[in-house]
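A quick write-up on the structure given underneath.
Derivation of every value follows stated rules applied to the coordinates shown; laboratory data play no part. None of the values given here were measured: they were computed from a predicted structure. We place every Cβ from the backbone using ideal geometry, glycine too, and count neighbours over all the protein chains shown.
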Amino acid sequence: MFKTVLTVAAAAALVVTGALPATAAPATKPGAPTSVRVVGAADQATVQWSLPRSGAKVVGWTVAVTPAEEQPDNGVDRLGASARWDRFGALHAGTTYTFAVRAVGAKSTTGPAVKVRYTATGTPAETESQSLFALDASGAVVRFGTDGSTAATTIAANGAGYTADDRGDVFVPSADLTSIVMYPVGGRAPQTIATGLHLTADLRSDVAGNLYWQDSVSGAVKELPVTGGTPVTVLPSTGITWAVGRDGTVSAWTGDTTKASVTSRTPSGTTTTRTLSSGATGTFGYVRTMIADGRGGLYVNWLSPGAAGAYIWQALPAGATTWTSAEPKLAFEYGATNSAGFRLAQSAAWCPTPSEYTPTGCGVDRSITTTVVRAADGTTTTVPVSGVTAGNRGANVGAADEAGDVFIDVDSGPTPGLWRLPAAGGAAQQLASAQFSRLLVI
């Protein structure tokens, strides 16, 4: 390094001759992030960094992981300017991961990447310690182990509208629906993480830990990034129903029985609207709920017009404009999604609604005999199950873990309560005889 000293005489000479000292052009790209490091345990890793020492103004960040298997959005997270860390899960034991952090400037210019590495250790936590969350009859959030070996643990009272992240933190709307309270995993003291909001009692989340809700004033879907900061609008308004996939894709269904569309926003910020065809059904029926997998697929439950009163599941794969049947037959059934696709527990038989009101009622066999497994690419298999009988008809939504176990709440009949249907099939396992709602595994 050296320094040139410009004398007074030399400076004066420059002025006399009309020449001026050179002025450096403003930087067009941000510099490299500083103090980049990664810390991790088992299948989790957190990347941290600080601002560049030079370069253009930073308006955002990208953090990319390789290899990117099982990571949302092909392993690339796009974060706001205030972000200083990013967390990754579902890392495989023994695999060395490379994390590349770049600053993003105006007009999407990017600075140089700084890379750090982490080798995952131990058994991946997601396959070992996923949890099933639910609301009990008192409105409290409880947690079960997905292997069925643990009794319920109460996490938070008055948990209506709760959600959770893949680490085990639970998030609950405040009673006045203006704040979000986090109950950290491990039983630490709850803390308020956002205020001044217009919430509905229906928080949702993705695997990265971002939180979503429908604004009670504008109707827009809002996102609170896992890195904190100001909530941002994801979709300007919602229609009949909306869903968040594990990958962070947010979708809203709009329409009626004759026409429908779906607007989706990917984690990278791309928003598209698809005008849909009802396909072989010839109608969209009365849409009751919509759930998403982790690969852009949507699964819609609709009530058929007419006396039969069938609740039917249809699939809308990523990018598709025609919905297709997600079930091989009409049945009393329970639908759930995980990252890989859709699972549907079905009864042996089904009857039209009018027969339920005859003197003999609907006497068909409601025993749940199969779980239909539909992958994101549309291929299906069936797994035989036994030991539990379906309750009432309806848009019954359960939950599924990454291993493929399905969890359902049966509201009536000979086997009421909370049940686990093993991914490999066989006898169902009762987790509790009480009633639970808003089942969630993430």
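Overview of results
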{"item": "Residues with amide H under 5 Å from that of W323, placed H, sequence gap 5 or more", "result": "S277, G279"}
{"item": "Mean shadow area of the stretch 329-376 over all directions, Cα convex hull, nm²", "result": "3.5"}
{"item": "The chain: most fluctuating residue of T238, T289, T358 per GNM, C-alpha cutoff 10 Å", "result": "T358"}
{"item": "Hydrodynamic radius by Kirkwood, which averages 1/r over all alpha carbon pairs of the stretch 23-79, in angstrom", "result": "13.4"}
{"item": "The stretch 34-125: equivalent-ellipsoid semi-axes (sqrt of 5 x gyration tensor eigenvalues, Cα, Å)", "result": "25, 13, 10"}
{"item": "GNM flexibility winner over the chain from E69, E402, E327 (Cα, springs under 10 Å)", "result": "E69"}
{"item": "Cβ-based exposure ranking for I240, I180, in which fewest neighbours within 10 Å come first", "result": "I240, I180"}
{"item": "Square roots of 5 times each gyration tensor eigenvalue, C-alpha, the chain, largest first, Å", "result": "49, 24, 20"}
{"item": "For I155, residues with placed amide H under 5 Å, excluding near neighbours", "result": "V141, V142, R143"}
{"item": "Residues listed by number, the stretch 389-424, amide nitrogen under 17 Å from T381 label point at 7 Å toward C-beta", "result": "401-406, 421-424"}
{"item": "Positive dipole terminus of the chain, leading residue within V287, G209, Q435 (C-beta point charges)", "result": "G209"}
{"item": "Within-13-Å neighbourhood charge of K107 [Cβ basis; K, R +1; D, E -1]", "result": "+2"}
{"item": "Amide proton proximity set for A220, modelled H, under 5 Å, gap of 5+", "result": "D215"}
{"item": "Mean projection area, nm², convex hull over Cα of the stretch 227-312", "result": "6.4"}
{"item": "Extension gain from T96 to A424, taking 0.36 nm per residue of separation minus the Cα-Cα distance", "result": "115.0 nm"}
{"item": "Most fluctuating residue given options Q314, Q48, Q191, as computed from a GNM of the chain linking Cα atoms under 10 Å", "result": "Q191"}
{"item": "Counted charge near T382, where neighbours are those whose Cβ lies closer than 12 Å (Asp, Glu -1; Lys, Arg +1)", "result": "+2"}
{"item": "Rounded Å value of the spacing that divides the Cα centres of the stretch 262-286 and the stretch 132-159", "result": "34"}
{"item": "Net charge contributed by nearby residues that have their C-beta within less than 9 Å of P231 (K/R +1, D/E -1)", "result": "-1"}
